[in-house]
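Right, one structure below, let's go through it.
The values are calculated or read from the model by the stated rules, or taken from the named source; none is laboratory data. Since this is a predicted model, take the numbers as computed values, not measurements. Cβ coordinates were reconstructed from backbone atoms using ideal geometry, including for glycine residues, and neighbour counts include every protein chain displayed. To get the accessible areas, we keep the full protein, side chains included, count just its heavy atoms, and leave off ligands, DNA and RNA. Shrake-Rupley method; radii C 1.70, N 1.55, O 1.52, S 1.80 Å.
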Amino acid sequence: MAERSLKASEKGIQLARQAFNTLGITQETFAEQRVECSRSTISNFFRGKPVNREIFVKICSILHLKLEEVTEFPKVAEPTEEENQAFDIDTLVQEVREKIKPHIQERCGTMRVLDMTQPIKLNEIYTSINILEKITGRQRLTIDNLLQQCGKEDFDHFGLVKITGKRIPGLEAVQKYSKLMILGKPGAGKTTFLKYLAIQCIEGKFNSHLIPIFITLKDFAEAINHPTLLKYIISSIGLAKRLTLAQGRQDVHPINVSLIEKLLSQSRLLILFDGLDEVREEDKNRILNEIRYFVTQYHNNQFIITCRIAAWEYTFENFTEVEVADFNDEQISTFAINWFRRKAIKAENFIQRLKNNDRVKELATNPLLLTLLCLAFEESGDFPANRSELYKEGLDALLKKWDANRGIEREQIYKKLSVQRKEDLLSKIALTTFEQGDYFFKQKAAESYIIDYIRNLPNASTDEEILQLDSEKVLKSIEAQHGLLVERAKGIYSFSHLTFHEYFTAREFIVVKQSSEDALQTLVSNIIIKRWREVFLLAVGMSPKADRLLLLMKQKIDGLLAEDDLQQLLTWVQEKFESVEAPYKPAAIRAFYLDPSLDLNLSRSLSLSRSLSRSLDLNLDLNLSRSLSRSLDLNLDLDLNLDLDLNLGFNLFLDLSRSLDLSRSLDHNPELKRSLQQLKDQLPNPKSDLEAHKHWWEENGQAWTEQLRAVMIKHRNIGHGWQFSESQKELLQKYYDANKLLVDCLNSDCYVSREVREKIEDELLLPIAEIKKRQQ
């Protein structure tokens with residue numbers, strides 16, 4: 001049979017006739033109106049005669065028949081004894097391997113993505129991938145099941161990346177399955193893995209008895225004259241080039257159909273098909289049929305196909321489908337070490353900064369975004385202080401650059417949905433689900449959000465059925481092309497990263513709703529809800545000018561402690577600030593006094609590195625002025641619950657004894673010094689035995705402490721026994737945390753006027769009466 005022709009088998013003819021009879025038309029009508037060919041061509045098809053390959057494929061497609069079930073495959077002739085003598089298969093394989101080695105090394109030996117200024121050798125950067133043998137999106141799980149898998153802490157700190165199944169190394173999967181369909185999200189490392197296999201194979205480190213053939217399916221689909229796969233493989237190896245066989249004589253043989261079929265018949269090819277999802281829609285059926293035909297005819301060879309997981313709509317019989325897993329911590333570290341090995345930046349610094357920034361680390365689980373993070377870190381030795389800029393760069397990579405840099409033009413499923421409109425749509429979905437606390441949402445819910453959006457586009461259909469179909473296509477388009485929404489289980493979706501969920505939520509307020517007063521008021525209403533913290537930081541970062549948002553945040557926070565008792569605490573904090581002299585920002589000193597008052601059972605070894613006071617003044621550290629630290633220690637001692645166990649109470653007693661420092665530091669206040677001396681004289685002799693001290697403490701400890709409290713309230717304005725209810729304590733903690741968020745927003749490299757920055761810092765942690773007084 002000619003290379004450009006195919007003919008139907010007897011079984012295929014029967015299947016074709018059955019399918020044709022359901023159409024209820026004549027062969028002439030079928031030829032003219034459906035296939036667009038001559039009547040004789042259709043007649044030849046049903047009589048099992050050779051038919052032009054493209055027409056044969058088209059007939060099968062119209063009749064919904066699988067090419068491999070209809071086609072009669074030519075038998076590859078067994079080599080004669082003379083041919084076996086002339087061709088030693090192992091020698092032939094090695095000769096072909098040597099011939100194509102430069103080509104494989106040139107094509108697969110380097111990688112260059114995003115904004116790399118030059119290619120990098122694959123072996124220098126490659127990080128082994130892991131494979132999931134069960135496709136995550138096909139799990140039959142409920143939203144409750146998924147939430148149980150993650151746990152609340154995962155959402156707060158690591159996003160959704162822990163939702164995975166059993167992993168095996170990529171090479172192990174290739175060795176385990178002779179026919180493999182590797183699925184994965186955009187940027188998951190599918191192409192890089194195939195290139196790595198080709199290099200390992202050609203260098204004799206993996207399957208050295210095979211000949212690797214790397215085929216970019218997009219290039220094959222768009223090749224001139226639409227060659228068959230067999231011819232395309234021949235051309236990729238080097239058509240009509242001659243090999244010198246290492247058999248002691250100069251036998252020369254062109255690499256032609258006969259030679260490649262011989263290698264195929266001996267199962268000596270490793271065929272790597274890359275990027276099925278990148279094939280244009282108009283070419284897809286032809287390419288699928290070519291692959292099916294080729295794999296069926298030469299089924300004993302090894303085949304691997306890669307495709308984006310959401311674009312996978314087809315089934316290849318006898319292929320095992322697996323999924324590329326997200327990078328884990330070990331893989332992230334390995335990649336970073338490889339990346340920075342010959343650079344001025346140390347990999348250890350990059351890895352440590354990732355550990356300190358959970359939201360950024362979450363993105364590093366995707367190899368493409370990890371590459372982006374390495375490029376960004378390489379520029380300045382740190383990540384941008386304004387994280388919204390970094391996330392926008394990552395989104396641009398997924399929405400635009402990744403395909404554009406490789407010359408891939410994907411079908412716009414919904415023609416009017418530009419990149420910006422997709423971003424607007426994602427922002428709408430993000431805010432709607434985030435407000436409801438829905439990290440996972442059902443497919444039907446996502447489609448309803450999409451319908452609500454696209455029905456308002458210019459010239460949109462008003463037909464609900466059409467809108468429903470369009471919503472399904474748009475959802476699949478966003479998942480397949482950009483990977484920003486992913487199917488976590490059958491019919492259940494989420495954003496690929498919690499970071500992107502938060503980013504698009506913030507974008508809805510700032511970009512889509514253009515920071516309107518209503519939008520900002522709605523955002524600020526969530527200021528005491530912990531999970532909104534990152535949204536506020538991102539909203540401030542992406543605001544052209546954050547003055548109004550920050551002032552609304554400050555106003556909302558001040559209103560949290562409207563109760564008189566809580567205002568008295570703030571008044572006391574302000575009075576303490578006015579009573580000391582210290583070279584720190586006023587708000588930092590107020591925060592220092594407020595911090596330990598929130599929990600009267602806190603240890604003195606409070607870490608200031610993450611406190612509000614430390615955020616306000618980086619010079620504020622553990623070497624505080626003596627007047628601050630002594631007052632604060634004593635205040636904490638006096639406020640501790642006296643109903644402690646005996647040993648702890650006794651130790652506290654000894655601490656209080658040492659706190660009564662009657663040195664020259666009290667000479668300026670002789671009355672206080674005299675009162676403290678009187679209290680100290682009541683204490684038992686320091687040389688008394690332990691039992692005597694304990695007995696004294698049991699009998700006199702509480703009364704003595706109350707006397708000390710009265711003295712300190714009178715002379716130092718400390719020692720107040722704040723008796724707050726549990727709800728008041730909870731509100732105080734929220735007030736403190738909200739102020740910490742406000743300060744973090746100010747420190748996040750956002751654009752805010754000097755006047756607003758100074759106003760906020762000046763009025764931070766002040767009682768409402770004092771704020772009103774200053775504003776008059």
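Considering segment 269-325, there are no qualifying strands (runs of 3 or more DSSP E) wholly inside with 1 or more residues that are among the basic types (Lys, Arg) and open to solvent by 30 Å² or more (accessible area, probe 1.4 Å).
For segment 737-759, indicate whether the set of residues that are closer than 30 Å to residue 672 by Cβ and either touching a Ser or Thr at 6+ places or on another chain (Cβ under 6 Å) or modelled with pLDDT under 90 (or both) is non-empty. Taking every residue of segment 737-759 in turn, none turns out to be closer than 30 Å to residue 672 by Cβ and either touching a Ser or Thr at 6+ places or on another chain (Cβ under 6 Å) or modelled with pLDDT under 90 (or both). Taking the listed residues 706, 691, 726, 699, the one that is modelled with pLDDT of 70 or more, open to solvent by 80 Å² or more (accessible area, probe 1.4 Å) and within 30 Å of residue 528 (Cβ to Cβ) is 726, with no other qualifying. Tallying residues that are under 12 Å from residue 546 (Cα atoms) and either surrounded by 12 or more Cβ atoms within 10 Å (Cβ to Cβ) or in contact (Cβ under 8 Å) with a residue 24 or more places away in the chain (or both) within segment 748-776 yields 8.
From the set of residues in segment 116-141 that are hydroxyl-bearing (Ser, Thr, Tyr) and surrounded by 13 or more Cβ atoms within 10 Å (Cβ to Cβ), which is modelled with the lowest pLDDT? Here the answer is 136. All told, residue 353 falls short of being open to solvent by 10 Å² or more (accessible area, probe 1.4 Å), farther than 26 Å from residue 490 by Cβ and assigned to a loop (DSSP other than H, G, I, E, B).
Would you confirm whether any residue within segment 444-458 is over 23 Å from residue 359 (Cβ atoms) and in contact with a Gly (Cβ under 7 Å, 6 or more places away or on another chain)?
no
Taken over segment 33-53, the criterion of being surrounded by fewer than 17 Cβ atoms within 10 Å (Cβ to Cβ) and among the basic types (Lys, Arg) is satisfied by 34, 39, 47, 49. Consider residue 83 carefully, then state whether it is of a type outside the set (A, V, I, L, M) and modelled with pLDDT of 80 or more. Criteria not met by residue 83.
The single condition from (1) under 24 Å from the mean Cα position of the chain (by Cα); (2) surrounded by 23 or more Cβ atoms within 10 Å (Cβ to Cβ); (3) at pLDDT 85 or above that residue 481 fails is (3).
The residue that is modelled with the highest pLDDT, counting only those in segment 573-599 that are among the charged types (D, E, K, R) and not in a helix (DSSP H, G or I), is 585.
Can you tell me which residue in segment 521-557 is nearest to residue 751 (Cα to Cα), limited to those that are crowded, with 16+ Cβ neighbours inside 10 Å and among the β-branched types (Val, Ile, Thr)? Filtering segment 521-557 for residues that are crowded, with 16+ Cβ neighbours inside 10 Å and among the β-branched types (Val, Ile, Thr), the one nearest to residue 751 (Cα to Cα) comes out as 540.
Counting only residues that are over 19 Å from residue 369 (Cα atoms), out of contact with any Gly (no Cβ under 8 Å at 6 or more places or on another chain) and at pLDDT 90 or above, segment 298-335 holds 12 of them.
Pairing residues of segment 277-288 that are among the basic types (Lys, Arg) with residues that are outside any helix (DSSP H, G or I) and open to solvent by 40 Å² or more (accessible area, probe 1.4 Å), at Cβ distances under 8 Å and at least 6 apart in sequence or on separate chains, gives 280/222; 280/409; 280/411; 286/226. When the criteria are applied in full, residue 57 fails the requirement of being β-branched (Val, Ile, Thr), open to solvent by less than 50 Å² (accessible area, probe 1.4 Å) and modelled with pLDDT of 85 or more.
For segment 436-447, a residue qualifies if it is touching a residue at least 60 places away in the same chain (Cβ under 8 Å) and either touching a Lys or Arg at 6+ places or on another chain (Cβ under 9 Å) or part of a helix (DSSP H, G or I) (or both), and the qualifying residues are 437, 440.
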